[in-house]
Amino acid sequence: MKIPFNRPFIVGRELEYIREAVEGGQLAGDGRFTQRCQAWMEERFDIDKVLLTTSCTMALEMSAILCDIQPGDEVILPAYTFVTTANAFVLLGAHPVFVDIDPTTLNMDPSAIEARITDRTKAIVPVHYAGVGCDMDAIGAIAKKHKLRVVEDAAQGVNARYRDRYLGSIGDLGCFSFHETKNFIAGEGGAITINDPGLVERAEIIREKGTDRSKFFRGEVDRYTWVDIGSSFLPSELVAAYLFAQLEEADRITEKRLAIFDRYSAGFQSLQDAGTLRLPIIPEHCQHNGHMFYLILDSQEQRVDLIAHLKSRDMLAVFHYIPLHTSPMGQRFGYREGDLPVTEDLSKRLLRLPCYFELSPSEQDCVIEAVHDFFR
Ligand SMILES: *Cc1c(COP(=O)(O)O)cnc(C)c1O
């Protein structure tokens, strides 16, 4: 039996909806399925405006434009994240200001933010790692005090909550991913969430190549034209059709992932009790979405050995981000090893276990058993 790290899945009416989209006569973006996905998320997550994009990366790039990032501006973010969290802002000439993470959640440490704010700081970009909400109360208070934008990278946080508010509904802007490795999938796909009503009109324009085409379709102008910078950020109806079938089953998908998370937690509790490894910690005020299950091991060497042990049994476990500040690009921005000790330490010892919708309890038990064997 082979257990991959991730496997794309169909949960319900994906193929039916794709057929409906094709037969409906519009495959280009902003058709019926795009509208249905957006309306579903606006209502469910209590967000003013949601616009589908081709990826979370594109939602981040739109966010950077909406934050009006200029060359030399500074953006505060964790280094323990995916490259596009930084690149979206760097593309417009921003300097990424990396702060360390909180060792309990691996989310941006809010107490590290204020010391890094300068008169060039424009935005804070919290990343909700593993679908566990960042300390948004603290981050929001700092942003308000210093008049900074907050852009949530909620790629992993769709349908998760922080103090009963959905991730992506809290900052000025938020970014979701529907990449096949995330909770709700469409192959490649994403969305930008807009909680500041003042940004909605410009967001629609930027997403439609810098034109007022959205207004034209609503009958608000009698022809559309070039009014701003922009690009083609909107996905095809094929993507939206697949995604809508997943959103309709969002609760079932989340329940399944939480059950997988809980089964792993229970299976490894004895190893944590014995001090052998550390399990994820979910703060009481966070309702996570089971996006990821990871183990924090003793050392990088132990991780190499455990990955090999699992691989020999056809199970794929993987490490995660190489901290951005120690990457070649990070070094070009003047960072070096030693700058962010918690990030560097934990990123070397974290191991992600197989976690996907169709992972069965018996497959999961094989993984749990194999990890126990490793430590015996
Ligand atoms: C997956 C991910 C992204 C990128 O998402 P895409 O939809 O693949 O562009 C960005 N940030 C984080 C934290 C992610 O996990």
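Quick notes
- Cut-off 15 Å between beta-carbons: net charge of the residues surrounding residue 65, Lys and Arg +1, Asp and Glu -1: -4
- Debye intensity ratio in log₁₀ form over the Cα atoms of the stretch 166-317, taken at each q of 0.19, 0.20, 0.21 Å⁻¹: -1.26, -1.32, -1.37
- Once the Kirkwood radius over Cα pairs is known for the stretch 139-233, the Stokes-Einstein relation at 10 °C and 1.306 mPa s delivers a diffusion coefficient of 106 µm²/s.
- The ranking of 215, 182 from fewest to most other beta carbons within 10 Å of each one's beta carbon is 215, 182.
- Rounded to the nearest 20 debye, the dipole magnitude of the stretch 165-231 is 100 debye, with +1 charges on Lys and Arg beta carbons, -1 on Asp and Glu beta carbons, and the Cα centre as origin.
- Given charges at beta-carbon only (K, R positive; D, E negative), |dipole| of the stretch 111-164 in Debye: 260 debye
- With all projection directions averaged, the alpha carbon convex hull of the stretch 87-145 covers 4.4 nm².
- Diffusion coefficient, µm² s⁻¹, Stokes-Einstein with Kirkwood Rh over alpha-carbon pairs of the chain at 20 °C and 1.002 mPa s: 100 µm²/s
- Mean residue ellipticity (222 nm) of the chain, computed from DSSP H runs ≥ 4 via -39,500 (n - 2.57), nearest 500: -11500 deg cm²/dmol
- nm² value of the averaged projected area, convex hull over the Cα atoms of the stretch 1-124: 11.9 nm²
- Computed over the chain, relative contact order equals 22 percent, with contacts defined as Cα pairs under 8 Å that lie 6+ residues apart.
- Cα pair distances exceeding 16 angstrom across the stretch 1-40, given as percent: 51 percent
- Other residues with beta-carbon under 13 Å from the beta-carbon of residue 181 carry, at +1 per Lys or Arg and -1 per Asp or Glu, a net charge of +2.
- Net charge over other residues, Cβ less than 15 angstrom from the Cβ of residue 153 (K, R count +1; D, E count -1): -2
- Charge dipole of the stretch 165-290 about the Cα centre (unit charges at C-beta), most positive-ward option of 230, 199, 260: 260
- With Cα atoms, 0 to 90° folded angle of helix 14-23 axis to the chain main axis: 20 degrees
- Inter-label distance, residue 165 to residue 258: 2.1 nm, where each label sits 7 Å from its Cα along the C-beta direction.
- Share of alpha-carbon pairs per 5 Å distance bin for the stretch 27-76, given as whole %: 4, 17, 19, 22, 17, 9, 8, 3, 0
- Magnitude of the charge dipole for the chain, about its Cα centre and with charges confined to Cβ atoms of Lys, Arg (+1) and Asp, Glu (-1), is about 340 debye.
- Structure note, pairs 2/256; 122/348; 49/209; 144/182: Cα-Cα distances above 24 angstrom occur for 122/348; 144/182.
Just so you know, all these numbers are worked out from the coordinates, no wet-lab data involved. Just so we're clear, the structure is a prediction, and the values are computed from it rather than from any experiment. Cβ: placed from backbone, ideal geometry, glycine included. Neighbour counts: every protein chain shown.
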